[in-house]
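Okay, so here's the structure we're looking at.
No lab work stands behind these numbers, since they all come straight from the coordinates. The structure presented is a predicted model; accordingly, all values stated were derived computationally and were not measured. Glycine also receives a Cβ, built like all others from the backbone with ideal geometry; neighbour counts cover every protein chain displayed.
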Amino acid sequence: MKEKRGIILTGVIIGIISILLVANGNPKNMGFCIACFIRDIAGGIGLHRAAVVQYIRPEIIGLVLGSFLISMQSKEFKSKGGSSPFTRFILGMVVMIGALVFLGCPLRMILRIAGGDLNAIVGLVGFVVGIFIGVLFLNKGFSLKRNYTLTSFEGYLFPTINLLLFILLATNFSMLFFSTEGPGSMHAPIWMSLIAGLIVGALAQKTKICMVGGMRDMIMFKDSYLLSGFLAILITALIGNIALGYFKLGFVEQPIAHTDGLWNFLGMVIVGWGSVLLGGCPLRQLILAGEGNTDSVVTIIGYLVGAAIAHNFGLASSADGAAANGKIAVFICLAVLLITSIANCESLSKEKNLGEASN
């Protein structure tokens, strides 16, 4: 019960911080969005040239460094990796493409619902369906195999790169890209964003909060521990949005969202399914990377490349709806998830081998 109170308090704090970030410059319904912020970072370092989504988001840096610092303090930092790295990279790309078709990660989905965006409820249904499909494959023995202990140096690299990236941002390094209009130009002050990320990163590391893990555990074990944290985010952000006048109930004219229900649904099916296979949502991957998990680092690099591909090849949605190329990409991503799921299921492999042996 004490642990549950802790994750609920974490959810309340994340909800408050998300609203404060919006009040101080972040786009509405986007106090925190892991997918959108990684996309902005991809643009900020020149991996894509969509001028409206280019900015080094200090919240992401803070999440990694907050997790790193608290895991070092609690002696939970462990450098490890080597679990199907290229598969994780591909799955990271797939999850990011799905998120950018929907226009948000699981955390932003909750914040969009708290802002009254009914399109996000359609996304939530897809997200649950995707998680359910992923759980079916987990029950069939899906695994990306074990990881291995690595030198501490490996685990230190990603937090160090994030620190260096923040220094470049803080010094206004001339080779970075900055949006002058659109979502990338909307941001809270640098130091406020960093501190917000540090706080959320530390809390998320201690409580293991994860939207995908919460839904997965509820389906598999009827365990509501992780899910209770996101319910707390939803309720807190809802109250904050109403209090500050940000709440707007409906489907149309929602900030940085579209009304194409099918593609909102399928985009989040991809995010839910892919994240189950990866073992956690984008937020959780950043926290694990801060703890020294290089498998999560590879996944995050997949997110980064996926974001660049989504904008360079016109896959990302806009307020006008899902892009034609994005619709094609959705079915490609679903096929990749199905093939990956089947190829890494022990029970399905055994059935195939038995069938071949009997012939």
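Below, the figures for the structure above:
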read-out: Unpaired by the 4.7 Å Cβ criterion, cysteines found in the chain; value: C105, C210, C281, C333, C345
read-out: Exposure proxy ranking, count of Cβ atoms within 10 Å, fewest first, for V52, V101; value: V52, V101
read-out: Cα-projected label distance for T180 with S74, points at 7 Å along beta-carbon direction, nm; value: 4.5
read-out: Of I131, I195, I300, the one that fluctuates the most in a GNM where the chain has Cα springs shorter than 10 Å; value: I195
read-out: Phi-based couplings in Hz for region 92-109 (Karplus 6.51, -1.76, 1.60; Gly and Pro marked x); value: x, 4, 4, 4, 5, 4, x, 5, 7, 6, 6, 6, x, 8, x, 5, 5, 4
read-out: Computed E for N24/I45 - FRET, C-beta separation, R0 25 angstrom, nearest 0.05; value: 0.55
read-out: Label-point gap, in nm, between D223 and A343 - each point 7 angstrom along Cα→Cβ; value: 3.0
read-out: Gaussian network model of the chain, springs between alpha carbon atoms under 10 Å - residue of M72, M215, M30 with greatest fluctuation; value: M72
read-out: Spacing of the two label points (7 Å from each Cα toward its C-beta) at F86 and A243, in nm; value: 5.2
read-out: Rel. contact order, % - alpha carbon contacts under 8 angstrom, at least six apart, the chain; value: 36
read-out: Within the chain, longest stretch clear of exposed trypsin sites (Lys or Arg not before Pro) (DSSP loop, no more than 12 other Cβ within 10 Å); value: 223-359
read-out: Euclidean distance between Cα centres, region 33-57 to region 312-335, Å; value: 18
read-out: Lys, Arg +1 and Asp, Glu -1 on Cβ, resulting dipole of region 98-210 about Cα centre, debye, nearest 20; value: 480
read-out: Hz values of 3J(HN,Hα) by residue in region 35-46 - Karplus curve (6.51, -1.76, 1.60), Gly and Pro given as x; value: 5, 5, 6, 5, 4, 5, 5, 4, x, x, 9, x
read-out: Computed P(r) (all Cα pairs; the chain; 20 Å bins; percent); value: 32, 61, 7, 0
read-out: Taking D260, D217, D117, D223 and counting other C-beta atoms within 10 Å, the order from fewest to most; value: D223, D217, D260, D117
read-out: Among G274, G184, G98: highest mean-square fluctuation, GNM of the chain, C-alpha pairs under 10 Å; value: G184
read-out: Karplus 3J(HN,Hα) series, Hz, for region 317-322 with 6.51 cos²θ - 1.76 cosθ + 1.60 (x for Gly, Pro); value: 6, 9, 4, 7, x, 5
read-out: 15 Å cut-off, amide nitrogen to a point 7 angstrom out along E253 Cα→Cβ, residues in region 117-145; value: 117-118
